[in-house]
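See structure below.
The values are calculated or read from the model by the stated rules, or taken from the named source; none is laboratory data. Not measured: the values here are computed from a predicted model. Using ideal geometry, Cβ is built from the backbone for each residue, glycine included, and neighbour counts are taken over all protein chains shown. Protein only, heavy atoms only, side chains kept; ligands, DNA and RNA dropped before computing areas. Shrake-Rupley method; radii C 1.70, N 1.55, O 1.52, S 1.80 Å.
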Amino acid sequence: MVYTHWGEEYVSPNQSIKDTARLFAKSGADFVIGSHPHVVLEREKIGQTVVYYSLGNFLFDQYWNTDVSTGLVLELNIKDKNIGIVEHKVSL
């Protein structure tokens, strides 16, 4: 499992970030979670690797629009190399 601090604030991941996610997947990561952009970004599956590019804000002093005042909390149920994911949306 990889937890990253990457990307530019408020924008979708650029090609460099996507290439890095692919490198993590190729290197054996089962799950990649990104942070830093302050907004919830897309997720994708690279082979068997699940990638969340950004979970958005969980606790932060940005209240100026709904994009930065919401986030995701992930509940991961891991058993025998299987990862079940439940997304919980949060609002500041």
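Might you check whether a residue that is assigned to a strand (DSSP E or B) and not hydroxyl-bearing (Ser, Thr, Tyr) occurs anywhere in the stretch 53-66?
Of all residues in the stretch 53-66, those assigned to a strand (DSSP E or B) come to 55-56.
When the remaining residues are screened for being not hydroxyl-bearing (Ser, Thr, Tyr), the result is 55-56.
Looking for residues that are assigned to a strand (DSSP E or B) and not hydroxyl-bearing (Ser, Thr, Tyr), one finds at least one in the stretch 53-66, hence yes.
Results for (1) touching a Lys or Arg at 6+ places or on another chain (Cβ under 7 Å); (2) within 19 Å of residue 91 (Cα to Cα), shown as yes or no for each residue.
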position: 3; (1), (2): no, no
position: 19; (1), (2): no, no
position: 31; (1), (2): no, no
position: 37; (1), (2): no, yes
position: 46; (1), (2): yes, no
position: 57; (1), (2): no, yes
position: 72; (1), (2): yes, yes
position: 81; (1), (2): no, no
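Quick check on my filter: what residues within the stretch 35-51 are at pLDDT 95 or above and either over 19 Å from residue 2 (Cβ atoms) or assigned to a strand (DSSP E or B) (or both)?
43, 44, 45, 46, 49, 50, 51
Yes/no per residue for (1) touching a Pro at 6+ places or on another chain (Cβ under 6 Å); (2) modelled with pLDDT of 95 or more; (3) open to solvent by 20 Å² or more (accessible area, probe 1.4 Å):
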residue	(1), (2), (3)
14	no, yes, yes
24	no, yes, yes
53	yes, yes, no
73	no, no, yes
78	no, no, yes
81	no, no, yes
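Give the stretch 29-45 a look and list any residue that's in contact (Cβ under 8 Å) with a residue 40 or more places away in the chain and of a type in the set (Val, Ile, Thr), or say none.
As a first pass, look at the stretch 29-45 and keep what is in contact (Cβ under 8 Å) with a residue 40 or more places away in the chain: 30-31, 33.
Result: 33, single match.
Kindly list the number of the only condition in (1) part of a strand (DSSP E or B); (2) in contact with a strand residue (DSSP E or B) (Cβ under 7 Å, 6 or more places away or on another chain) that fails for residue 78.
(2)
Go through (1) surrounded by 12 or more Cβ atoms within 10 Å (Cβ to Cβ); (2) assigned to a loop (DSSP other than H, G, I, E, B) and name the single condition residue 85 misses.
It fails just one condition, (2).
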